[in-house]
Amino acid sequence: MSTLFDIVGPIMIGPSSSHTAGACRIGALAKKILGEDVKEAKLYLHGSFTQTYKGHGTDKALIAGLLGFETFDPRLRNSFDIAKEQGLEFEIIPTTLEDAFHPNSVYIEAKGEYNSITILASSIGGGLIELDKVNGIEVHYKGDYPTIAIVNKDVPGVIAKVSSIISDSGINIENMSVTPQHEGENKGYAIMVLGITGSLTKDIEEKIKSISDVKNFVFLDKLY
């Protein structure tokens, strides 16, 4: 079923919901996952982003998002200058991403004072975005549900332990996927992605992280 947002699109600085508003939201999501101000970033543009990024302001929108600006913030047009003033060093790199899932994709390496992350994300139309990977974990997160992504040893019992922690906290699991990894750095592990009905407290996060077979954990709250 269509929503009003689907019909009228986001409130935004133009010209394009996909190449401008969506790009801004991707940058803002990267900052949110990093959990602090971005000090350094490399942005690898893929597909149509590489062809139209200057004309549609995709590069400025991505940097605006990394600065924490909303899609409708008029400062978006001056984001390069503001980034320089705030000490955010960045590099825009048009390229081809072999693992991209969508023509409007960007791979971001972002560093703060304490943390660093990588994300692969796509602008899928109408200002909506999809986070395809975070720190190498394939998540395909669209922001409609709070989402947990876990890399865990592919052994019995891990799903039950995670599910028990979540259910004991009064949160329902709306959907789940588990994908065993048969090659690469996560060979012998599985990637578990769960859409849930509520946000996690730090206590719940720590309980999941403390499971001995959990290698990596990411929590992504609802976007829209």
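The values are calculated or read from the model by the stated rules, or taken from the named source; none is laboratory data. Computed from a prediction, not measured in an experiment: that's the story for all the values here. Glycine also receives a Cβ, built like all others from the backbone with ideal geometry; neighbour counts cover every protein chain displayed. These accessible areas exclude ligands, DNA and RNA; they are computed on the full protein's heavy atoms, side chains included. Shrake-Rupley method; radii C 1.70, N 1.55, O 1.52, S 1.80 Å.
Considering only residues that are under 21 Å from ILE129 (Cβ atoms) and in a loop (DSSP other than H, G, I, E, B), which ones fall in the range 183-222? Hits for the range 183-222 are SER199, ASP221, LYS222. Of the residues making up the range 151-185, those that are farther than 17 Å from THR197 by Cα and either among the hydroxyl-bearing types (Ser, Thr, Tyr) or exposed (fewer than 13 other Cβ atoms within 10 Å of the Cβ) (or both) are VAL155, PRO156, GLY157, ALA160, THR179, PRO180, HIS182, GLU183, GLY184, GLU185. In the range 24-80, of all residues being among the aliphatic types (A, V, I, L, M) and not in a helix (DSSP H, G or I), the one that is surrounded by the most Cβ atoms within 10 Å (Cβ to Cβ) corresponds to VAL38.
Conditions tested, residue by residue: (1) within 21 Å of the chain's Cα centre (by Cα); (2) closer than 25 Å to GLU98 by Cα.
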{"residue": "GLY126", "(1), (2)": "yes, yes"}
{"residue": "LYS161", "(1), (2)": "no, no"}
{"residue": "ASP168", "(1), (2)": "no, no"}
{"residue": "GLY184", "(1), (2)": "no, yes"}
{"residue": "LEU194", "(1), (2)": "yes, no"}
{"residue": "GLY198", "(1), (2)": "yes, no"}
{"residue": "LYS202", "(1), (2)": "yes, no"}
{"residue": "VAL214", "(1), (2)": "yes, no"}
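Please pick out the residue among ILE148, ILE137 that is in contact with a helix residue (DSSP H, G or I) (Cβ under 8 Å, 6 or more places away or on another chain) and open to solvent by less than 60 Å² (accessible area, probe 1.4 Å). Selected residue: ILE148, the only one of ILE148, ILE137 that is in contact with a helix residue (DSSP H, G or I) (Cβ under 8 Å, 6 or more places away or on another chain) and open to solvent by less than 60 Å² (accessible area, probe 1.4 Å). When GLY143, GLY125 are checked against the criterion of being in contact with a Ser or Thr (Cβ under 7 Å, 6 or more places away or on another chain) and modelled with pLDDT under 90, GLY125 stands alone in meeting it. For the range 113-134, taking the residues that are in contact with an Asp or Glu (Cβ under 9 Å, 6 or more places away or on another chain) and not in a strand (DSSP E or B), the one that is least open to solvent (accessible area, probe 1.4 Å) is identified as GLY126. Being touching a His at 6+ places or on another chain (Cβ under 6 Å) and farther than 20 Å from LEU223 by Cα is a property that ALA83 lacks.
Scanning the range 95-112 for residues that are open to solvent by 70 Å² or more (accessible area, probe 1.4 Å) and closer than 17 Å to ILE63 by Cβ yields one hit, LYS111.
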